[in-house]
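Just so it is clear, none of the values below were taken in a lab; they were calculated from the coordinates. Since the structure is predicted, the reported quantities are computational estimates derived from the model, not experimental observations. Glycine gets a Cβ as well: all are built from the backbone with ideal geometry, and neighbour counts include every protein chain shown.
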Amino acid sequence: MRLSLGPTDIIPLLNRIFHKSYGDERSNRKAVADRGWYPANRKLLEHKELVDDSATCTAPEVKDSLELSGNSMVTLNVRGGMTVGYLDCMITKRTRGSAAKRAAYERKRKGDTAVANLKE
């Protein structure tokens, strides 16, 4: 006899356990903070897929204690993993934004030139 579960079997089970797993707001906030998701505390930079372990990185010499900002020297892994996806997404958005600004500036410049030519 083979056991088979369908959607009508799963949903009632989820309804019984969901509030126990995800309904405790205090433990959810703690879990999110521990993972560094919110507030953003640079915890993701310590993720094993984000850190490039092929290059060693040395901390710069600090001349006085005011230069210590709490930022650690981390070399990102940009050859593979999820870092590449995030970087691609950020660069694409930045490029699209820059291209749109350049195109708007060029249209404005051409319009100003046309207006100046008409006035002459």
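Numbers below:
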{"item": "Per-residue HN-Hα couplings for the stretch 88-99 [Karplus 6.51, -1.76, 1.60; θ = phi - 60°; Hz; x = Gly/Pro]", "result": "4, 5, 5, 5, 4, 5, 5, 5, 4, x, 5, 5"}
{"item": "³J(HN,Hα) computed for each position of the stretch 5-11 - Karplus, 6.51 cos²θ - 1.76 cosθ + 1.60, integer Hz, glycine/proline x", "result": "10, x, x, 6, 8, 6, 4"}
{"item": "At most 12 other Cβ within 10 Å, DSSP loop - trypsin sites (Lys or Arg not before Pro), the stretch 1-36", "result": "R2, R35"}
